[in-house]
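Since the structure comes first, as structure tokens, the remarks are kept for the end.
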Amino acid sequence: MSGPAHPSRPARPSGPAPRCRTLTLLAAALVLAAGPLTAVGGRPAAALGNAVAATPPMGWNTWNSFGCSIDEQLVREAADSLVASGMKDAGYDSVIVDDCWFDPRRDARGDLHGDPERFPSGMKALGEYIHARGLKFGIYQTPTDRTCAQRGHDYPGATGSQGHEQQDADTFAAWGVDHLKYDWCSEAGTLDEQIAAFTRMRDALRNTHRDIVYSINPNSYHADKTGATYDWSAVAHLWRTTEDITSAWDEHKADNSYGMSVMDIVHLNGRLGHQAGPGHWNDPDMLEVGVPGMNETEYRSHFSLWAQMAAPLIAGNRLPAMTPAVRDILTNQAVIGVDQDGLGRPARIAVDSDTELVTVRELAGGDRSVTLTNTGDTAATVSTTAAGLGIAEAPSYTVRNLWTGAAGSTTGTLAAGLAAHETAMYRVTPGGPDDR
Ligand code: GLA
């Protein structure tokens, strides 16, 4: 298959008007196997060490709202907004500068620099500004000769890391970079060549002796989308499994092609949970919460499902313009707690029909998180049972709704009346109040 047109700046559809959200928990009972959970095992951790990505990384990235139109002032304001809005306190601890930050020419020694007009203070100074606010500094580069914007002729030059791997890793370490997004951006290259190139930068980063989260995307421009078909856990802390996300609920894509909607991504990434765990995460791409294209109900579903998939939570909305509703979604501690759960075991899809999606995730200590999503276009009740979730029955269960905070204790079925595209998310604990 030939690669799709791949604009470096995604087109943003305008979203439908927000709808009222009506959620009714009709009854609940969920079930947990009482015994101890087995430890995460069987998968090698990324060879860089797990500590910097023991749980999925959280932060904010320039790309989804600003594309190539970035400068140092915008990035500084984003860092300030992360702090002022409470996002930092909620766990978003990284500011990641995506494509188009660099001078399109390397200097006489072959070193990279920030674009002198848009980043006149330099990247080291920008990193210092970010660090001074208690945040981490992330940056974007490619293993090939051109970044995606350069490949798409939206940005001049050919300043990829190919042939400069250690030099660039050393530069990033000297600038205080804490997170590298390393994006393939080429039609060329076999899987073996991709593995070799991504491993070269992994080793170059390790040689710097700086803790740097290593986030790779093998898919961009490439026909094979090897991010979804190869287990990259020995190479990187996180790897993109899909083509670029777009702010849309469901495009009903049959393939992993450019402009993936939330549901397209869930159908694909939601089946890869077995290969993720502490230090090595599937990356279903950055969040579109607050980026025009979906309504608040859909943002809430998107966020719930990313948490269930143990996805990196990298916001991409315009932070200073964030509405209270969007802020409340992005900072929901109960949902973030599921995403960041220490067991690090992503959810399993229990039901996936034309109108219903049900997922269940094992959490540290024996709880389960469960999502019920109405994927249909009209209001409906979605329900599940212990047997449907594949977990053993127990006499009683405490159930907490992670969006409303409502708690109850029931036996029987967990069911919710849901608006179109709405998700109910629960944390389920074995034993009712009488047992605790
Ligand atoms: C690719 C990536 C995006 C973004 C752009 C930048 O499309 O998948 O996330 O980094 O490149 O050009």
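No value in this document is a laboratory result; all are computed from the given coordinates. These figures come from a predicted structure and were not determined experimentally. Every residue, glycine among them, receives a Cβ derived from its backbone with ideal geometry; neighbour counts consider all protein chains shown.
Numbers at a glance
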{"read-out": "Phi to ³J(HN,Hα) by Karplus 6.51 cos²θ - 1.76 cosθ + 1.60 over the stretch 416-422, Hz, x for Gly, Pro", "value": "9, x, 10, 5, 3, 6, 8"}
{"read-out": "Share of alpha-carbon pairs per 10 Å distance bin for the stretch 349-435, given as whole %", "value": "18, 52, 26, 4, 0"}
{"read-out": "Residue 111-residue 378 pseudo-label distance in nm [points 7 Å out on the Cα-to-Cβ vector]", "value": "6.6 nm"}
{"read-out": "Length-normalised contact order for the stretch 295-436 - Cα pairs under 8 Å, 6+ apart - percent", "value": "24 percent"}
{"read-out": "Separation between Cα centres of the stretch 68-93 and the stretch 125-183, rounded to whole Å", "value": "18 Å"}
{"read-out": "Ratio Rg/Rh, restricted to the stretch 79-221 and using Cα atoms, in which Rh is the Kirkwood radius", "value": "0.97"}
{"read-out": "Virtual paramagnetic centre 7 Å along Cα→Cβ of residue 54, amide N under 11 Å, in the stretch 247-280", "value": "279"}
{"read-out": "Label-to-label distance, nm, for residues given as residue 133 and residue 393 (7 Å Cα→Cβ offset)", "value": "5.4 nm"}
{"read-out": "Prolate/oblate/rounded call for the stretch 237-386, Cα gyration tensor, a/c under 1.5 rounded", "value": "rounded"}
{"read-out": "Gain in span if fully extended, residue 411 to residue 333, counting 0.36 nm per residue against the direct Cα distance", "value": "25.4 nm"}
{"read-out": "Packing-based ranking, highest mean first, of 140-148, 218-226 given that Cβ atoms within 10 Å are counted", "value": "140-148, 218-226"}
{"read-out": "Share antiparallel - DSSP beta bridges, the chain, percent rounded to 5", "value": "55 percent"}
{"read-out": "Contour minus Cα-Cα distance for residue 404 and residue 190 (0.36 nm per residue)", "value": "72.2 nm"}
{"read-out": "Percent RCO, i.e. relative contact order, over the chain, from Cα pairs under 8 Å lying at least 6 residues apart", "value": "22 percent"}
{"read-out": "Using alpha-carbon coordinates, inclination of helix 296-308 to the longest axis of the chain, degrees", "value": "90 degrees"}
{"read-out": "Residues with amide H under 5 Å from that of residue 219, placed H, sequence gap 5 or more", "value": "184, 227"}
{"read-out": "Spin-label model distance (nm) - residue 124 vs residue 385, 7 Å beyond Cα toward Cβ", "value": "6.6 nm"}
{"read-out": "Count of lysine pairs in the stretch 43-344 with Cα separation under 22 Å (8 or more residues apart, or interchain)", "value": "8"}
{"read-out": "Cα centroid separation, the stretch 319-365 to the stretch 234-259 (Å)", "value": "18 Å"}
{"read-out": "The chain, Rg to Rh (Cα coordinates; Rh as Kirkwood inverse mean 1/r)", "value": "0.97"}
{"read-out": "Karplus-derived HN-Hα couplings along the stretch 219-235 (A = 6.51, B = -1.76, C = 1.60, θ = phi - 60°), whole Hz, x at Gly and Pro", "value": "8, 4, 6, 8, 6, 7, 6, 5, x, 9, 10, 10, 8, 8, 5, 7, 9"}
